[in-house]
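Okay, so here's the structure we're looking at.
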Amino acid sequence: MTTPTTATPQQRGTGHQGPRWWQRPWILPLTLFSVAFLVFAVPPYLGLDPAQARLPAPESLAWHYPVLVTHIFGGALLTLLVILQVWPWLRSRYPAMHRWSGRVYVFAGIPLVGVPALLISPVSSSGFSTQVSNTLWAVLWLSFTVLGYAMARRRRFADHRAWMLRSFALLYGIALNRVVIVVMLLVSLPRLEASYGGDEAALTEAIAPASSFLSWVLPLLFVEWWLQYRRPRRRRTGAATS
Ligand code: HEM
């Protein structure tokens, strides 16, 4: 049994109400990054004016804009919900809120974000490779989210956590996409004249597939690393100290 004098700093800091936000310092940057992304990405769509869209819609597809806007508004909601889901203090202090916001994440996310993403992916104006990347991204997000929910229903909570973290990683792909595009542009710009004859549109077209793939593959790899190498270390520490 662990007495208060033998408790680890981790245990003392955690208490029965869960760790404070400053003991999980990533929650603040994650929140700021999410809000900054939403402030940048969502406003062009608030007026419901297709002319303001950043994404060129295929002209012949009248359904594209309503589906895209549904996806974006749903995506904004889910981006905020993820913060609630991964915030350790809120999760341990208000478990009912974790369960309810989790249900909204799954049951609003699938029809409002995942299915619309799957519909617009194959018609992306950024070319075939981007269409393949986007479609795979949407299929994986839907699969991971359904698996995460199914694991919770079966009370397999370790598996639930792993699949939901993968789902969250893919959800953040769109926000990371902004960072990836800027980095790729900075790397490619010195070759604008030599490789693309000064044609900026050709350069953007060339980096679109790579930036699309990297945007969701990188956060997914990060989560896999986290699950493989961070969790066992914490378990070993816990086993040694309990
Ligand atoms: C669940 C993971 C997600 C997937 C698989 C996904 C997929 C997609 C796809 C395929 C497109 C169209 C890209 C194209 O035609 O080239 C798109 C556009 C867009 N998505 Fe998502 N998305 C996801 C999450 C989100 C989230 C959480 C938001 C938050 C608001 C969001 C906001 C947007 C925006 C704003 C656009 C339009 C592009 C722009 O204005 O720059 N998406 N998404």
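The values are calculated or read from the model by the stated rules, or taken from the named source; none is laboratory data. Predicted model only: the values in this text are computed from it and were never measured. Heads up, the Cβs are rebuilt from the backbone with ideal geometry, glycines too, and the neighbour counts pull from every protein chain shown.
Test Trp100 against the criterion of being surrounded by 15 or more Cβ atoms within 10 Å (Cβ to Cβ), within 25 Å of Ala150 (Cα to Cα) and either more than 19 Å from the chain's Cα centre (by Cα) or not acidic (Asp, Glu) (or both), and give yes or no. Taking the combined requirement at face value, the residue does not satisfy it.
The combined condition, being small (Gly, Ala, Ser), within 10 Å of the ligand (Cβ to nearest atom), closer than 25 Å to Leu214 by Cβ and without any contact (Cβ under 8 Å) to a residue 40 or more places away in the chain, is fulfilled by Ser124. Residues that are within 14 Å of the ligand (Cβ to nearest atom) and among the β-branched types (Val, Ile, Thr) within region 173-206 comprise Ile174, Val179, Val180, Ile181, Val182, Thr204, listed in sequence order.
Selection over region 149-172 of residues that are more than 13 Å from the ligand (Cβ to nearest atom) and touching a residue at least 24 places away in the same chain (Cβ under 8 Å) gives a count of 4. Within region 127-143, the set of residues being within 8 Å of the ligand (Cβ to nearest atom) and either without any contact (Cβ under 8 Å) to a residue 24 or more places away in the chain or not in a helix (DSSP H, G or I) (or both) comprises Gln131, Thr135.
Pairing residues of region 39-53 that are surrounded by 10 or more Cβ atoms within 10 Å (Cβ to Cβ) with residues that are assigned to a loop (DSSP other than H, G, I, E, B) and among the aliphatic types (A, V, I, L, M), at Cβ distances under 9 Å and at least 6 apart in sequence or on separate chains, gives Pro44/Ala53; Tyr45/Ala53; Pro50/Ala57. All conditions but one from (1) within 18 Å of Thr31 (Cα to Cα); (2) modelled with pLDDT of 95 or more; (3) aliphatic (A, V, I, L, M) apply to Leu90; the one that does not is (2).
Residues checked against (1) of a type in the set (Val, Ile, Thr); (2) surrounded by fewer than 19 Cβ atoms within 10 Å (Cβ to Cβ); (3) modelled with pLDDT of 95 or more:
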residue	(1), (2), (3)
Ser124	no, no, no
Gly127	no, yes, no
Thr130	yes, no, yes
Ser133	no, no, yes
Ala138	no, no, yes
Thr145	yes, no, yes
Gly148	no, no, yes
Met151	no, yes, yes
Arg155	no, yes, yes
